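Down below is the structure, laid out as structure tokens.
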Amino acid sequence: QVVGGKVKKPGKRGRKPAKIDLKAKLERSRQSARECRARKKLRYQYLEELVSSRERAICALREELEMYKQWCMAMDQGKIPSEIKALLTGEEQGKGQQNSTKLAKAVKIEANSSNP
């Protein structure tokens, strides 16, 4: 056959449909669905674990924030919390600067690690 100046071959283009056994096709479909459900279950488990770990981190940061608020209220009343006294007495010995630097770094690292 000649169509538009080109020779056209008889038959359809592309891949010829193979004679696929219907039972095998249904079994592959069921297997694919099982695998999809398993992947979905794993994904949800991972997300639940991620949420719970973030919630624990939030609780720890809230406790830390509350501790700092209490320290500030105590200092506003003219009282110095024992933890800050320990830092100040450590500075007099020359170790306090290292401790306060370590504390500041630890706070920064903890704050950064809790951010997503």
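The values are calculated or read from the model by the stated rules, or taken from the named source; none is laboratory data. All values reported here derive from a predicted model rather than from experimental measurement. Here the Cβ is made from the backbone with ideal geometry for all residues, glycine too, and neighbour counts use every protein chain on show. The area values use the complete protein model at the heavy-atom level, side chains included, leaving out ligands, DNA and RNA. Shrake-Rupley method; radii C 1.70, N 1.55, O 1.52, S 1.80 Å.
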Which residue pairs have Cβ atoms closer than 6 Å, lie 6 or more positions apart in sequence or on different chains, and pair a first residue in the stretch 17-34 that is modelled with pLDDT of 90 or more with a second residue that is surrounded by 10 or more Cβ atoms within 10 Å (Cβ to Cβ) and of a type outside the set (S, T, Y)? none
Residue check for N99: modelled with pLDDT under 90 and open to solvent by less than 100 Å² (accessible area, probe 1.4 Å): yes
